[in-house]
Amino acid sequence: MRRTIMILNLRSFTLGSLAAVVSLMILSGCGQEKKMEPVPVGEMQEYKDPGIGFSFNHPVGWVVNAEVGRVHVCNAQDVDKKFLDPTSVGTLGVQIAVEVTKNSNATAYIKDIKDEWAASGFQLGQEQGVTVDGKSGTKLPFTANYGGGNIIYGHRIFVPVDSMLYDFTYSGFGEFYNAYAGIFDASLSSFKLPIPKEKARDETLPSLTFSTYDAKTSTTPPLEFSFEYPENFNFSNTPKGKNDLVLELHGYRQDCSIRFDVFGAQGLTVEKVFEQNKSKYRAKSTGKMTIGGEPASYVAYSPAAQVESRAYFAVKNDKVVRIIMNWYKPQETDYLAAYDKVLASIKFK
């Protein structure tokens, strides 16, 4: 009897019924939310603490909010405001935070954090051992549900070093946390503890230790080059305006800086480019040299009292590379020695 009933039901299943079921299946599929795809690790840039000296990489273009011993980096404008007030109507995103405090008892510090979070209703995961720049630390996953769909997922990492405690936080709202996991891992892997200060050397002078930076324009074809810079010089977020690329670094003194501007040469030779631009500076002297194997010209000038500058011009692949170097005149010998090393290190690819 069951077989007969089944056959009758199938026979009574009209084309109209079939169309209705298919439509329902399509609508059900359309209603499913698309899962956020993992965000690839793209071009990174270094942040270096100007006082303590630790450093790590973060994606180019992220918003940096920093002071000595503390830095928060977010993937977009106003994301930091959402983290300060998770229940507000704000921009969802992710945040990387590093804070350094004087604390010789990491175990007690972590316990206080866990007790405070548990009292606030945070869900805490299992503690895990991690290694950061050769130092052992503790990783603590957490989830903070503020209601209304405002959920922060993240993990903190605590690394004791001598009498200091390094406190890292990697967090994101909802699916943002997992989507940016690769960037979190890359940033943590790049973290470097501070190098012991050079003995008997003025900290306002350029470091004798240099780092390498690889630069690349977004043009087609791109202009790629690398250079070395003193480790106590830090990159700043400088708008590129109409340029193809702008990179600016400052030393301990804000009037001591290195800046790269890359823009179109419009088919002009370096001689023509220099002639067009040198009048913009109150030249004290001019000269010629070679930068990265390419002929270059420079103009020396003084933009302010006790500050000396040089603007260098080179052309590569129909792109002008202008390098402006500023230094404090009373420390001229040390700055010129460092800047000469920067210029000598430039390599076009």
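The values are calculated or read from the model by the stated rules, or taken from the named source; none is laboratory data. Treat the numbers as computed from the prediction; the structure is a model and nothing was measured. Because the Cβ atoms are built from the backbone with ideal geometry, glycine has one as well, and the counts that use them run over all protein chains shown. All accessible areas refer to the heavy atoms of the entire protein, side chains included, with ligands and DNA or RNA removed. Shrake-Rupley method; radii C 1.70, N 1.55, O 1.52, S 1.80 Å.
Observations, loosely collected:
- Take every pair of alpha-carbon atoms less than 8 Å apart whose residues are at least six positions apart; their mean separation over the length of the range 209-283 yields a relative contact order of 20 percent.
- Computed over the chain, Kirkwood Rh from alpha-carbon pairs, angstrom: 24.3 Å
- Length-normalised contact order of the chain in % [C-alpha pairs under 8 Å, at least 6 apart]: 12 percent
- For MET164, solvent-accessible area (1.4 Å; no DNA, RNA or ligand), Å²: 50 Å²
- Multiplying the residue separation of SER120 and VAL64 by 0.36 nm and subtracting their alpha-carbon distance yields 17.4 nm.
- Solvent-accessible area assigned to carbon and sulfur over the chain amounts to 52 percent, based on a 1.4 Å probe.
- Each Cα pair under 8 Å and six or more residues apart adds its sequence gap; the mean of these over the residue count of the range 153-303 is a relative contact order of 11 percent.
- For VAL130, nonlocal amide neighbours, meaning residues 5 or more places apart or on other chains whose placed amide H falls under 5 Å from its own, are GLY137, THR138, LYS139.
- Percent of alpha-carbon pairs separated by more than 17 Å within the range 106-256: 74 percent
- Close amide-amide hydrogen proximity is noted between LYS316 and VAL321, each under 5 Å apart and 5 or more residues distant or on a separate chain (H modeled in the peptide plane; Pro and chain starts excluded).
- Estimated from helices alone, the mean residue ellipticity of the chain at 222 nm is -7000 deg cm²/dmol (sum of -39500 (n - 2.57) over DSSP H runs with n ≥ 4, per residue).
- Solvent-accessible area of LEU247 with every protein chain in place, 1.4 Å probe, in Å² to the nearest 10: 20 Å²
- Cα-Cα P(r), the range 283-332, percent of pairs per 10 Å interval: 26, 47, 23, 4
- Loop sites in the range 142-228: trypsin sites (Lys or Arg not before Pro), DSSP, at most 14 other Cβ within 10 Å: LYS197, LYS199, ARG201
- Taking the centroid of alpha carbons for each part, the range 310-327 and the range 216-279 are 6 Å apart.
- Restricting the calculation to Cα atoms, the range 222-349 shows an Rg/Rh of 0.93 when the hydrodynamic-style radius is the Kirkwood one.
- Kyte-Doolittle mean at least 0.0 and Cα axial length at least 18 Å: DSSP H helices in the chain: 15-30
- Sparse-neighbourhood loop sites, GluC sites (Glu not before Pro) in the range 95-189 - DSSP loop, at most 13 other Cβ within 10 angstrom: GLU127
- All-pairs Cα distance distribution in the range 66-192, expressed in whole percent, bin size 10 Å: 12, 43, 37, 8, 0
- Net lengthening on full extension, ASP78/ALA337 (0.36 nm per residue, minus Cα-Cα): 89.1 nm
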